[in-house]
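Notes follow once the structure below has been shown.
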């Protein structure tokens, strides 16, 4: 595998930012790891970070590089700060950056496939929200999306004054419910559409403070015709759980046609 720390300029954000990228590399003599490259254009997982993290966190807290090595899967981990993957009312256009600019830039920098069946998105906590938002908003771009302990109920207004202040910086004074920032609304729109629909995966630990919201979203997904997988079990909002579950996500991704049988 090749590991790239990429610093670049974003026109959408009008500033320099960063992403961490893992690219497949076929090797024959490397000891202790099987590395696979499946073709000239790599299938890609966009892997999104949580509220307090950055583009390096998945690499630092899990063995994601080792997990994807035998799959021939590229991983793109962008930096979005505390934006909630949203075009902020009082801030920057992180949704535009993520959903429009980033894939185009990545494919200009690296040999990544632009085929829908080769593109996937996943994330944890705030990143779980971002992953579902991206795939449900643009189902023609992704074959599958996964949320790990996702902060799925963005329409819930925070009670804490500091979190409320941050919430207003992002969303202003208008309600999120029934808008393009509301996963429940996006789920209904995607389900009602006649175009392609992504496979969805959701998991949450039963000791997680976001468990009840995840139950609400699970029930909403169960009432759609989408291909939906839900898993729960013991676990809190912490990296031991996410390191385990990202392996389940990778096993769940529809990558069979790219693997050597």
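Does segment 107-115 contain any residue that is in a helix (DSSP H, G or I), surrounded by fewer than 23 Cβ atoms within 10 Å (Cβ to Cβ) and without any contact (Cβ under 8 Å) to a residue 12 or more places away in the chain? Among the residues of segment 107-115, at least one is in a helix (DSSP H, G or I), surrounded by fewer than 23 Cβ atoms within 10 Å (Cβ to Cβ) and without any contact (Cβ under 8 Å) to a residue 12 or more places away in the chain, which makes the answer yes. For residue 177, indicate whether it is under 16 Å from residue 151 (Cα atoms), over 20 Å from the mean Cα position of the chain (by Cα) and either modelled with pLDDT of 95 or more or exposed (fewer than 15 other Cβ atoms within 10 Å of the Cβ) (or both). Criteria met by residue 177. Of all residues in segment 1-53, those being within 18 Å of residue 255 (Cβ to Cβ), in contact with a strand residue (DSSP E or B) (Cβ under 6 Å, 6 or more places away or on another chain) and in a loop (DSSP other than H, G, I, E, B) number 3.
Quick check, is residue 58 buried (at least 18 other Cβ atoms within 10 Å of the Cβ) and in contact with a strand residue (DSSP E or B) (Cβ under 9 Å, 6 or more places away or on another chain)?
On the way: buried (at least 18 other Cβ atoms within 10 Å of the Cβ): yes; in contact with a strand residue (DSSP E or B) (Cβ under 9 Å, 6 or more places away or on another chain): yes.
Answer is yes for this residue.
Report those helices (runs of 4 or more DSSP H) wholly inside segment 140-252 carrying at least 1 residues which are farther than 24 Å from residue 82 by Cα. Passing ranges, in order: 183-192, 211-222, 239-252.
Condition first: touching a residue at least 60 places away in the same chain (Cβ under 8 Å) and exposed (fewer than 15 other Cβ atoms within 10 Å of the Cβ). Now tell me which residues in segment 92-106 satisfy that. First the steps, then the outcome.
First, the residues of segment 92-106 that are touching a residue at least 60 places away in the same chain (Cβ under 8 Å): 92-94, 96-97, 100-102, 105-106.
100, the sole residue that qualifies.
Among all positions in segment 239-260, there is at least one residue which is touching a helix residue (DSSP H, G or I) at 6+ places or on another chain (Cβ under 9 Å), surrounded by 15 or more Cβ atoms within 10 Å (Cβ to Cβ), at pLDDT below 95 and over 17 Å from residue 156 (Cβ atoms).
Of all residues in segment 64-82, one or more are within 30 Å of residue 32 (Cβ to Cβ), in contact with a strand residue (DSSP E or B) (Cβ under 7 Å, 6 or more places away or on another chain), surrounded by fewer than 18 Cβ atoms within 10 Å (Cβ to Cβ) and in contact (Cβ under 8 Å) with a residue 40 or more places away in the chain.
Select from segment 116-139 the residues that are outside any strand (DSSP E or B) and more than 26 Å from residue 238 (Cα to Cα) and list them in ascending order.
Filtering segment 116-139 down to residues outside any strand (DSSP E or B) leaves 116-118, 125-139.
Answer for segment 116-139, where residues must be outside any strand (DSSP E or B) and more than 26 Å from residue 238 (Cα to Cα): 116, 117, 118, 137, 138, 139.
The values are calculated or read from the model by the stated rules, or taken from the named source; none is laboratory data. None of the values given here were measured: they were computed from a predicted structure. Cβ coordinates were reconstructed from backbone atoms using ideal geometry, including for glycine residues, and neighbour counts include every protein chain displayed.
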